[in-house]
Ligand code: PMP
């Protein structure tokens, strides 16, 4: 194999990826006799020991229901749960922990906004603006809202590189726009969207902005106040934390103004058959027993990320992305889908003459885990007129050696179908 073309400087000094890998027990797994190369981080990330320990500790020593108990264990569980809220506040640089709502994930957070914001502020004839490269989670809830209200969707297109057409965005976002909702980073292409430009276009028209940060929050430092967004959502399991816990950040005023979404325990102040009054935010949006263990695990995950440092993680992953991109250019018949100049951690591609699912299955035989399909972003895939893509997505524990194994295995797949 030829020496790879290197477009980037060597990995950042002080980032000891071998040491980092030791924190992730699952990386010792073998798959079909090969060491696991996990390149499906956009779907979910693996968990460091500290997150696993936090879950075990919670159930071993701290388990009780929150907010209601007068006894010590319940007070402790409540403290842990609210500690997690503060950890998320600090991580996203929100103003106050009251701006942080815990939900099941990014999907549920978007559904909450589409329902509550939709009920309060969206009427027939209004417009919701999305981009062409959204995850289904940031399409379907808005579609459902439009079906309920008679509002309509407008879609900002992308070009062949997978970049947003800002000229069209400026034409589409107008006085009828109530909400502009877009991803921070596209899960199918890796495009980093022009968040500041879209946000100011929306705000200039008095529209609200929701940023889907599911693919961004563990790769880029996020500061919701600098982003100036109204809503920001993310999922714990994509941030090296547990499944079943996600976050809605909303500017405090929104949480006061929006009606509750689900009803039940914990979200009320008083309940009588003739009248119920609601708790103030964020409790107003957290009906029922929350995922307390998940919140403890999320705190550990955020501490882990902060200890490594988001800028060092971003640098490491960018190095991997550039290295893998350069190595992929060595392979004939492999086309990268999505070549935005600003990209994060995702490499989507097709191999000429081989169905993406076959590529994925064959790579698995070599212990390499990638995803093949539409990545819950069918409109994105349709734009590029391919049936599906293979997606390798990098995380903070991946290495250049793993990229080499991946590229070499891909070269073998390609040869197999050439002969
Ligand atoms: N948005 C984007 C951009 C995503 O990549 C994902 C997960 N693939 C989601 C939303 C939904 O996240 P979750 O399934 O954790 O709710």
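The values are calculated or read from the model by the stated rules, or taken from the named source; none is laboratory data. On a predicted model such as this, the values are computed, not experimentally measured, just so you know. Reconstructed Cβ throughout: ideal geometry from the backbone, glycine too, with neighbour counts over all protein chains shown.
Pairs meeting the criteria (first residue in region 202-214 and under 19 Å from residue 103 (Cα atoms), second residue near the ligand (Cβ under 10 Å from one of its atoms) and part of a loop (DSSP other than H, G, I, E, B), beta carbons under 6 Å, at least 6 apart or on different chains) are 211/184; 213/184. Of 248, 258, all but one fail to be under 15 Å from residue 115 (Cβ atoms), at pLDDT 95 or above and within 13 Å of the chain's Cα centre (by Cα); the exception is 248. Only one entry of 153, 130, 145 meets the criterion of being in contact with a strand residue (DSSP E or B) (Cβ under 8 Å, 6 or more places away or on another chain), over 22 Å from residue 201 (Cα atoms) and not assigned by TED's automatic domain parsing to the domain that holds residue 43, and that entry is 145.
With respect to the stated conditions, residue 127 fails to be more than 13 Å from the ligand (Cβ to nearest atom), in contact with a helix residue (DSSP H, G or I) (Cβ under 7 Å, 6 or more places away or on another chain) and more than 19 Å from residue 260 (Cβ to Cβ).
When 389, 399 are screened for being outside the structural domain of residue 217 (by TED's automatic domain parsing) and more than 21 Å from the chain's Cα centre (by Cα), only 399 passes. Just to be sure before I move on: is residue 119 away from the ligand (no atom under 16 Å from the Cβ) and on the phi < 0 side of the Ramachandran plot in the structure I sent? So residue 119 fits the description; yes. Using the structure shown, decide if residue 162 is within 16 Å of the ligand (Cβ to nearest atom) and more than 21 Å from residue 105 (Cβ to Cβ). Here the answer is yes, as residue 162 does meet what is asked.
When only residues in region 402-419 that are farther than 13 Å from residue 332 by Cβ and without any contact (Cβ under 8 Å) to a residue 60 or more places away in the chain count, which is nearest to the chain's Cα centre (by Cα)? Residue satisfying both the conditions and the ranking: 409.
For residue 187, the conditions (1) at positive phi; (2) under 20 Å from the mean Cα position of the chain (by Cα) are fulfilled apart from (1).
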